[in-house]
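Chemist: If you scroll down you'll find the structure; I have some questions about it.
No value in this document is a laboratory result; all are computed from the given coordinates. These numbers were taken from a predicted model, which means no experiment stands behind them. Heads up, the Cβs are rebuilt from the backbone with ideal geometry, glycines too, and the neighbour counts pull from every protein chain shown.
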């Protein structure tokens with residue numbers, strides 16, 4: 001199980017003062033040195049954190065895999081096709097939301113998604129769809145031609161009692177198993193931290209966990225190199241214990 005580090009909130013801190021620091025590009029370098037397997041960032045339509053300058057520089061310096069999260073907005077699509085990240089992850093986006101609130105409705109927007117998946121794949125870019133752990137959404141993701149799905153783990157992360165935790169965890173397990181059975185590769189992420197990630201690590205078949213906020217929060221105290229290293233060690237430990 002791999003670790004993708006989302007560096008958006010390094011840019012959030014920078015944009016608070018509209019300054020030069022901290023630089024998410026530098027954070028990406030340190031994250032890779034600490035052992036992460038990919039760098040993730042979300043170029044939002046309102047440019048609230050990651051800027052165009054960042055994605056162009058990241059494309060040049062990332063040595064592992066560069067995963068660009070994005071909504072299906074034509075100006076963002078054009079940037080993605082220009083820089084050609086290794087992967088794009090298509091996500092829903094609302095301007096007023098604090099963070100991505102749920103999965104993409106692949107069924108509702110299937111034709112637009114299918115058309116743009118082809119555009120990306122024709123340019124050598126793999127496509128992941130950020131969806132709820134729902135069989136119908138999984139099936140439609142396969143139909144429109146996605147290479148990966150990324151299961152939204154936010155409801156699991158926000159669950160406040162054991163019953164709800166296991167209810168949401170079971171949905172993730174079942175969706176992972178079903179996705180693999182129909183030929184989709186599976187990533188997962190959203191709201192994962194140094195504690196709740198442990199149960200997710202035990203799910204067989206997940207390729208990669210994409211984690212950002214908790215790592216950036218931890219980095220305030222220990223530095224980003226150590227924060228990434230600690231998360232990578234947890235993933236390896238708990239995945240190993242289940243095998």
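Yes or no, residue by residue, for (1) buried (at least 16 other Cβ atoms within 10 Å of the Cβ); (2) in contact (Cβ under 8 Å) with a residue 60 or more places away in the chain; (3) touching a helix residue (DSSP H, G or I) at 6+ places or on another chain (Cβ under 8 Å); (4) under 26 Å from residue 74 (Cα atoms):
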position: 4; (1), (2), (3), (4): yes, yes, no, yes
position: 11; (1), (2), (3), (4): yes, no, yes, yes
position: 17; (1), (2), (3), (4): no, no, no, no
position: 21; (1), (2), (3), (4): no, no, yes, no
position: 35; (1), (2), (3), (4): yes, yes, yes, no
position: 39; (1), (2), (3), (4): yes, no, yes, yes
position: 43; (1), (2), (3), (4): yes, no, yes, yes
position: 47; (1), (2), (3), (4): no, no, no, yes
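Chemist: Could you tell me whether any residue of region 90-98 is in contact (Cβ under 8 Å) with a residue 12 or more places away in the chain, touching a helix residue (DSSP H, G or I) at 6+ places or on another chain (Cβ under 8 Å) and either surrounded by 15 or more Cβ atoms within 10 Å (Cβ to Cβ) or more than 24 Å from residue 235 (Cβ to Cβ) (or both)? Before the answer, list the steps.
Modeler: Step one: list which residues in region 90-98 are in contact (Cβ under 8 Å) with a residue 12 or more places away in the chain, which gives 90-93, 95.
From the residues that got through so far, the ones that are touching a helix residue (DSSP H, G or I) at 6+ places or on another chain (Cβ under 8 Å) too are 90.
Next, from what is left, pick out any that are either surrounded by 15 or more Cβ atoms within 10 Å (Cβ to Cβ) or more than 24 Å from residue 235 (Cβ to Cβ) (or both): 90.
Yes, region 90-98 has at least one match.
Chemist: Considering region 190-203 alone, what residues qualify as being in a loop (DSSP other than H, G, I, E, B) and closer than 20 Å to residue 130 by Cβ? Explain how you work it out, then say what you get.
Modeler: Going through region 190-203, the residues in a loop (DSSP other than H, G, I, E, B) turn out to be 190-196, 202-203.
Matches in region 190-203: 190, 191, 192, 193, 196, 203.
Chemist: Looking for something farther than 30 Å from residue 222 by Cα, touching a helix residue (DSSP H, G or I) at 6+ places or on another chain (Cβ under 9 Å) and either surrounded by fewer than 17 Cβ atoms within 10 Å (Cβ to Cβ) or in contact (Cβ under 8 Å) with a residue 40 or more places away in the chain (or both) - is there at least one such residue anywhere in region 49-71?
Modeler: no
Chemist: For residue 25, work out the one condition from (1) touching a helix residue (DSSP H, G or I) at 6+ places or on another chain (Cβ under 7 Å); (2) touching a residue at least 40 places away in the same chain (Cβ under 8 Å); (3) within 19 Å of residue 65 (Cα to Cα); (4) surrounded by 21 or more Cβ atoms within 10 Å (Cβ to Cβ) it doesn't fulfil.
Modeler: (2)
Chemist: Do you know which residues across region 204-243 are in contact with a strand residue (DSSP E or B) (Cβ under 8 Å, 6 or more places away or on another chain) and not in a helix (DSSP H, G or I)?
Modeler: Selection gives 205, 206, 207, 208, 209, 210, 211, 212.
Chemist: What are the residues in region 204-213 that are in contact with a helix residue (DSSP H, G or I) (Cβ under 8 Å, 6 or more places away or on another chain) and crowded, with 20+ Cβ neighbours inside 10 Å, if any?
Modeler: Across region 204-213, the qualifying residues are 206, 209, 211, 212.
Chemist: Next question. Please specify each residue of region 130-189 satisfying the condition of being over 17 Å from residue 204 (Cβ atoms), in contact with a strand residue (DSSP E or B) (Cβ under 9 Å, 6 or more places away or on another chain) and in a loop (DSSP other than H, G, I, E, B).
Modeler: 132, 145, 146, 147, listed by residue number.
Chemist: Go through 225, 156, 194 for me and flag whichever is surrounded by 14 or more Cβ atoms within 10 Å (Cβ to Cβ), within 21 Å of residue 89 (Cβ to Cβ), in contact with a helix residue (DSSP H, G or I) (Cβ under 8 Å, 6 or more places away or on another chain) and touching a residue at least 40 places away in the same chain (Cβ under 8 Å). Show your work before the answer.
Modeler: Numbers: 225 fails: within 21 Å of residue 89 (Cβ to Cβ); 194 fails: within 21 Å of residue 89 (Cβ to Cβ).
The match here is 156.
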